[in-house]
Amino acid sequence: MEIRLENVSKAYPFKTALCKVSATFAAGKIHALLGENGAGKSTLAKIISGRIKMSDGKLFVDGLETYFSSPKDALKKGIAEVQQRPLLSFSLTARQNILLSCKSFSSYGSRQFNKRLLELKEKWAPKLSLDQKIKDTGGAEHFYTGLLCALMQDFSCLILDEPSSFLTPEERKSLFLHLREEAQDGKTIILITHSKTEALNYSDTITLLQKGKLVGFFSSTQQYTSQANYISAQGTRAYSSTNEKEETKSKEKKPCIRFTNASCIPARQPAVRGITLCASYGEITAVASSNEASFVTFENFITGMSKAKCGGKVEFEEKEFSAKKYGTTFLRKNRVAIVSSNKTFRASNPDLSVEQMLSIFGGNPDQLIKKAGVAITKEEKCSSLSGGMLQRLILERELSINPSLVILCNPMQGLDVSAQASLCKRIESIAKEGAAVLVIGSHDFPMTLCSKVYSLQNGRISLSFSKDGLL
């Protein structure tokens, strides 16, 4: 299937997300749609998949001008999409979600459905538990469920929005190996990514967007790398730290929050036990985790959102109490900022306006938008925000309560290099102002900024690094 866009634009009441973009995605290839956060990549994908309507321009499928009124229309033409945050029912299992997306299988009977599903699962997602409820799983499982929903369709074009965000290097390698097989079979694969490395390693062509405009189309990765006049908008992966520049003796910081032999044991998720960690004022403390099965349990516990059985001791601002009393209500009453891994549906909601999302704590939306440096108005929907824009706005909203503790879950996920560098500087400034910062589960967060680094493995926490030299 060949997809061609001709002078496609998308304008919202207060901004233009795409401006006269023309691009061609030929069959039998993997096409990278590359650009920084807010470049217009997801907007272009939404137009191709029928999720939003273009303001101007034309869309051609196999040479015929086409118009999609909905994703269902696009799917009838063979265009399937895997969103960065798939729209899944959290109360259902992965199998049930996939069945809901495959109404066409109802006429074939459950035996054929299950046979086909198991074949795809073994190839694409061997570790996915089909009968576990989505609410009890993490980002990688959500992606694989969404992927299987798409693969079960009769598709000719597959669009993937930041597919490797939650995957380990091994899972990423396996995913792109199978995508290459699909392309060799004649399918059109469109990969939305902010990672230049990912685009160069796995794609055949690169379409580069910047601020809603087409910067260039490169028919090969070699052509992309040979462009001498192209200055990468990705920036450099350089994080400066005053701790590295200034040779100052490490001072003992006053603890803000301390967990002692705490545990969280859900009924249907991996448990975490023996949680002993401390985050101090004026310091950045990290808990590293690489696709750890118990990460969802750990995040839910630390952010106070777990309803599971909890035990152990918690000390917050020199007051000690049982972990059974530790929850979101307690954290909010004590000025704790929380940025969840699921920024789209837990820290926000696509149907909210930016003003509604920012006004939760009574802050001034206009001022928060200005502080975040986001080109958006408060009247627009959160659904029109890129991942980077949403991240910055949520962070500024949380910081508006003048927190003593800031909990950031997977803060680097989905951000391009320049956005990551900017976020790291912001996190540093938060710690310098005296707050305790606890970063959870971001494998690409620069550990040189941290005073302590803990490791989450097999449901247990261990201290792996401390600038005090105490392990």
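The values are calculated or read from the model by the stated rules, or taken from the named source; none is laboratory data. The structure presented is a predicted model; accordingly, all values stated were derived computationally and were not measured. Cβ atoms come from the backbone with ideal geometry, glycine included; neighbour counts cover every protein chain shown. The protein model used for the area step is the full one, side chains on, heavy atoms only, and it has no ligands, DNA or RNA in it. Shrake-Rupley method; radii C 1.70, N 1.55, O 1.52, S 1.80 Å.
Scanning region 75-94 for residues that are under 25 Å from the mean Cα position of the chain (by Cα) and more than 14 Å from Leu147 (Cβ to Cβ) gives Leu75, Ile79, Ser89, Phe90, Ser91, Leu92, Thr93.
Could you tell me whether Lys123 is of a type in the set (Lys, Arg), closer than 25 Å to Ile190 by Cβ and open to solvent by 40 Å² or more (accessible area, probe 1.4 Å)? So Lys123 passes the test. The listed residues are Ser455, Ser462, and the only one of them that is among the polar types (S, T, N, Q) and free of Cβ contacts under 8 Å to residues at least 24 places away in the same chain turns out to be Ser462. Run Ala293 past the list (1) under 15 Å from Leu390 (Cβ atoms); (2) in contact (Cβ under 8 Å) with a residue 60 or more places away in the chain; (3) hydrophobic (A, V, I, L, M, F, W, C) and report the number of the one that doesn't hold. If we test Ala293 against (1) under 15 Å from Leu390 (Cβ atoms); (2) in contact (Cβ under 8 Å) with a residue 60 or more places away in the chain; (3) hydrophobic (A, V, I, L, M, F, W, C), just (1) comes out false.
Count of region 377-395 residues, restricted to those that are in contact with a helix residue (DSSP H, G or I) (Cβ under 6 Å, 6 or more places away or on another chain) and closer than 27 Å to Pro163 by Cα, is 5.
Which of the residues that make up region 130-142 are buried (at least 17 other Cβ atoms within 10 Å of the Cβ) and over 19 Å from the mean Cα position of the chain (by Cα)?
Leu130, Lys133
Listed conditions (1) β-branched (Val, Ile, Thr); (2) without any contact (Cβ under 8 Å) to a residue 60 or more places away in the chain; (3) surrounded by fewer than 22 Cβ atoms within 10 Å (Cβ to Cβ) are all met by Thr145, apart from (3). Residue count for region 338-387, restricted to those that are charged (D, E, K, R), free of Cβ contacts under 8 Å to residues at least 40 places away in the same chain and farther than 26 Å from Pro86 by Cβ: 5.
Results for (1) of a type in the set (A, V, I, L, M); (2) over 30 Å from Pro266 (Cα atoms), shown as yes or no for each residue.
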residue	(1), (2)
Glu355	no, yes
Leu395	yes, no
Glu398	no, no
Pro403	no, no
Gln420	no, yes
Val439	yes, no
Thr448	no, yes
Phe465	no, no
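The C-beta contact set for region 323-337 (first residue at negative phi, second residue in a loop (DSSP other than H, G, I, E, B) and modelled with pLDDT under 90, distance under 6 angstrom, 6+ apart or interchain) is empty.
Kindly indicate the residue of region 25-61 that is of a type in the set (S, T, N, Q) and out of contact with any Phe, Trp or Tyr (no Cβ under 8 Å at 6 or more places or on another chain) and also modelled with the lowest pLDDT among those meeting that condition. Filtering region 25-61 for residues that are of a type in the set (S, T, N, Q) and out of contact with any Phe, Trp or Tyr (no Cβ under 8 Å at 6 or more places or on another chain), the one modelled with the lowest pLDDT comes out as Asn37.
May I ask you to verify whether Val339 is within 19 Å of Ile302 (Cα to Cα) and either in contact with a helix residue (DSSP H, G or I) (Cβ under 6 Å, 6 or more places away or on another chain) or open to solvent by 20 Å² or more (accessible area, probe 1.4 Å) (or both)? Considered against the rule, which asks whether it is within 19 Å of Ile302 (Cα to Cα) and either in contact with a helix residue (DSSP H, G or I) (Cβ under 6 Å, 6 or more places away or on another chain) or open to solvent by 20 Å² or more (accessible area, probe 1.4 Å) (or both), Val339 comes out as yes. Kindly indicate whether Glu355 is over 19 Å from Gly414 (Cβ atoms), among the charged types (D, E, K, R), out of contact with any Asp or Glu (no Cβ under 6 Å at 6 or more places or on another chain) and open to solvent by 30 Å² or more (accessible area, probe 1.4 Å). Spelling it out, Glu355 is indeed over 19 Å from Gly414 (Cβ atoms), among the charged types (D, E, K, R), out of contact with any Asp or Glu (no Cβ under 6 Å at 6 or more places or on another chain) and open to solvent by 30 Å² or more (accessible area, probe 1.4 Å).
Scanning region 202-213 for residues that are open to solvent by less than 40 Å² (accessible area, probe 1.4 Å) and farther than 14 Å from Ala45 by Cα yields Ser203, Thr205, Ile206. Being open to solvent by less than 40 Å² (accessible area, probe 1.4 Å), more than 26 Å from Pro266 (Cα to Cα) and not in a helix (DSSP H, G or I) is a property that Gln153 has.
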